[in-house]
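Here's the structure, in structure tokens; my notes come after.
The values are calculated or read from the model by the stated rules, or taken from the named source; none is laboratory data. Note that the coordinates shown come from a computational prediction; the quantities given were computed from them, not determined experimentally. When we count neighbours, we look across all protein chains shown, and the Cβ atoms used for this are built from the backbone with ideal geometry, even at glycine. Please note that ligands, DNA and RNA were not included when accessible areas were found on the heavy atoms of the full protein model with its side chains. Shrake-Rupley method; radii C 1.70, N 1.55, O 1.52, S 1.80 Å.
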Amino acid sequence: QVQLVESGGGLVQAGDSLRLSCAASGLTFRLYSMGWFRQAPGKEREFVAAISRTGTRTDHVDSVKGRFTISRDNAKNTVYLQMNSLSPEDTAVYYCAADLNYPGATRGWYHYWGQGTQVTVSS
């Protein structure tokens, strides 16, 4: 059974940093591209970042470029999202997702999803 478990969320102040982790099990992690998405209250789930199987390709949505960085450790079956200079607009539930292909920003192409971790940024 495939499981993606996010962790690292919390309540922080504007300007702070957080690192989210997503631990994968039940799949051969090194074969999967990974993505991070987020969903704020009343809004649709939106793309944040994606990383290819080996980590050689990454994509980030424009609104987080220069502040967020996606990375992965295939030895630990884990993908990370380092978030710096957080702002209240980053408040959302953050989800990780996995797929054998490279869906990039295309939400509907990801096969597996985690349950999410809440990030709240106060001003």
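If you rank R30, R67, R57 by how much accessible surface each has, with a 1.4 Å probe, what is the order from largest down? Walk me through the numbers on the way to the answer.
On the way: R30 145, R67 50, R57 125 Å².
The most accessible residue leads, giving R30, R57, R67.
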*Please work out the average accessible area per residue across the chain, using the 1.4 Å probe convention, and give it in Å².*
52 Å²
*Using the alpha-carbon centroid of each, what span in Å lies between segment 22-68 and segment 87-103?*
5 Å
*So what are the three principal axis dimensions of segment 46-89 from its Cα atoms, in whole Å, longest to shortest?*
33, 18, 17
*With a Förster radius of 22 Å, plug the Cβ-Cβ distance of R30 and Q1 into 1/(1 + (r/R0)^6) and report the FRET value to the nearest 0.05.*
0.70
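Rg(Cα) of segment 10-71 divided by 2.2 N^0.38 Å? Working shown, then result.
Working: Rg = 13.2 Å, N = 62, 2.2 N^0.38 = 10.6 Å.
Relative to the rule-of-thumb radius for its length, segment 10-71 sits at 1.25.
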_What's the whole-number percent of alpha carbon pairs in the chain lying beyond 17 angstrom?_
50 percent
_Taking the chain and dividing mean pair separation by its residue count, relative contact order in percent (alpha carbons under 8 Å, at least six apart)_ = 36 percent
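Could you compute the net charge surrounding Y32? Neighbours are other residues with a C-beta less than 10 Å from the C-beta of Y32; K and R count +1, D and E count -1.
Details: positive: R30, R53, R72; negative: D99.
Local net charge: +2.
Provide the net charge surrounding S52, with neighbours chosen by a C-beta distance below 10 Å and charges set as Lys +1, Arg +1, Asp -1, Glu -1.
Numbers: positive: R53, R57, R72; negative: D59.
Residues near S52 contribute +2 overall.
Given a 1.4 Å probe and every protein chain left where it sits, what share in percent of the accessible area of segment 1-110 is carbon and sulfur?
Values: 2530 of 5570 Å².
Of all accessible area on segment 1-110, carbon and sulfur atoms account for 45 percent.
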